[in-house]
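First the structure, in the form of structure tokens, and then the observations on it.
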Amino acid sequence: MQHSTIEQSFFDQLNQACASLSLTPTQQQKERLLEYINQLIKWNKTYNLTAIRLPEQALVQHIFDSLAVIQPLTQYLFQSQRRTPKTVLDVGSGAGIPGVIIAIMIPEASVTCIDTVEKKMTFVRQVRGVLSLTNLHAVHQRVELFEGGPYDVVISRAFASLQDFVTLAGNRVHVDAKMLAMKGKEPHDEIRALDEKSTWYAESIEALSVPQLSAQRCLVWLKRKGK
């Protein structure tokens, strides 16, 4: 792959970020991560997929932010061999965050990105082709109308409140499986509302350390009550 808009320093930063997150991607995976940025910046000029315009911002706020969930997600997916292959649904995926990064980093999993904005799912399909990600899929639909799955994990980043997340997408995950919400600061009010008004609860809140990002990040693990 050619990386005309990616500086060599990005490879160095990516290597450092992966090391700090205890990840050991292959050279091909690293190339795919950086080519994803190339594609995103290129498409963004015409289709306005994300507010982030600069490659160096996309590296940290999209790639590193998503990489921070790879290790806990991998551990959860493969702690049990009950279901094969492993399946992941990324709700409100936008330009494929974190779904594309999950597909790159966990090739054993089948990853579906779903979003209501058609141009964003068209972009994800383009990425699937350019990066040869046969385990990546894109669906242009409202998740509450989607009939795919059920999935081993349903994940979202800044999609909705926790209560809305489980209400809209809770029926897309296996009854004994979990939903994961990528958040900024710990959403205590959302957790309280979730517990009071739904059949789900926050099993745990995992602090995430995103390389080169000073802002707070956490991963909220959601589970059905009684399961």
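How high is the FRET efficiency between GLN8 and GLU206 when r is their beta carbon distance and R₀ equals 35 Å, given to the nearest 0.05?
On the way: r = 33 Å, r/R0 = 0.94.
Using R0 = 35 Å, I get an efficiency of 0.60.
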Subject >> Whole-Hz ³J(HN,Hα) from phi, Karplus 6.51 cos²θ - 1.76 cosθ + 1.60, for segment 105-122, glycine and proline x >> reply: 7, 10, x, 6, 9, 8, 10, 10, 9, 10, 7, 7, 9, 4, 5, 6, 6, 4
Original post:
Amide H to amide H under 5 Å from PHE78: which residues, 5+ apart in sequence or cross-chain, H placed 1.01 Å off N in plane?
Top reply: none
Original post:
Which of the lysines could a cross-linker span from LYS223 if the Cα-Cα distance has to be under 25 Å and same-chain partners fewer than 8 positions apart are dropped?
Top reply: LYS86, LYS178, LYS183, LYS185, LYS197
**OP:** Straight distance only, please: which lysines reach the Cα of LYS45 with their own Cα at less than 25 Å, same-chain residues fewer than 8 apart left out?
**Re:** LYS30, LYS119, LYS120
Original post:
How high is the FRET efficiency from GLN216 to LYS30, r the C-beta distance, R0 35 Å, rounded to 0.05?
Top reply: 0.85
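Between beta-carbons, use under 15 Å as the cut-off and find the net charge around GLN61, counting Lys and Arg +1, Asp and Glu -1.
Working: positive: ARG53, ARG157, LYS183, ARG217; negative: GLU56, ASP65.
Taking every other residue near GLN61 into account, the sum is +2.
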**OP:** Could you go through segment 140-156 in sequence order and give the Karplus-derived ³J(HN,Hα) for each residue, using 6.51 cos²θ - 1.76 cosθ + 1.60 with θ = phi - 60°, rounded to whole Hz, and x for Gly and Pro?
**Re:** 9, 5, 6, 5, 5, 9, 6, 10, x, x, x, 10, 6, 8, 10, 10, 8
Subject >> Structure-derived semi-axes √(5λ) of the Cα gyration tensor in Å - corresponding label in [x] 25, 20, 18; [y] 30, 19, 18; [z] 27, 19, 17 >> reply: [z]
Original post:
Whats the longest run of the chain with zero GluC sites (Glu not before Pro) that are DSSP loop and have at most 14 other Cβ atoms within 10 Å?
Top reply: 8-107
Original post:
Among bridges DSSP assigns within the chain, what percent are antiparallel (round to 5)?
Top reply: 40
Subject >> Amide H contacts under 5 Å for THR87, placed H, 5+ residues apart >> reply: SER110, ASP152, VAL153
Original post:
Applying the Karplus parametrisation 6.51 cos²θ - 1.76 cosθ + 1.60 with θ = phi - 60° to the phi angles of segment 178-195, what ³J(HN,Hα) value in whole Hz is obtained for each residue in order, glycine and proline being reported as x?
Top reply: 10, 10, 10, 10, 7, 10, x, 5, 4, x, 4, 5, 5, 5, 5, 5, 4, 5
Original post:
Once amide H atoms are placed 1.01 Å from N in the peptide plane, what residues at a sequence separation of 5 or more from LEU208, or on another chain, have their amide H within under 5 Å of its amide H?
Top reply: ARG217, CYS218, LEU219
Original post:
Taking a label point 7 Å from the Cα of GLN126 along the Cα→Cβ vector, which residues of segment 44-66 have an amide N closer than 16 Å to it?
Top reply: 44-55
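Looking at segment 44-116, which trypsin sites (Lys or Arg not before Pro) are DSSP coil and have at most 15 other C-beta atoms within 10 Å of their C-beta? Don't jump to the answer; show the numbers that get you there.
Numbers: sites: LYS45, ARG53, ARG82, ARG83, LYS86; in loops: ARG53, ARG82, ARG83.
Listed in order of number, the matching sites are ARG53, ARG82, ARG83.
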**OP:** Apply 1/(1 + (r/R0)^6) to the Cβ-Cβ distance of GLN141 and TYR47, taking R0 = 25 Å, and write down the FRET efficiency to the nearest 0.05.
**Re:** 0.85
Subject >> 5 Å binning of all Cα-Cα separations within segment 74-183, expressed as whole percents from 0 upward >> reply: 2, 13, 25, 26, 20, 10, 3, 0
Original post:
Under the rule of -39500 (n - 2.57) per DSSP H run of 4 or more residues, summed and divided by the residues of the chain, what mean residue ellipticity at 222 nm is obtained, to the nearest 500 deg cm²/dmol?
Top reply: -11000 deg cm²/dmol
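No lab work stands behind these numbers, since they all come straight from the coordinates. This is a predicted model, so every value here is computed, not measured. Don't worry about glycine lacking a Cβ; one is built from the backbone with ideal geometry, like all the others, and counts go over all protein chains shown.
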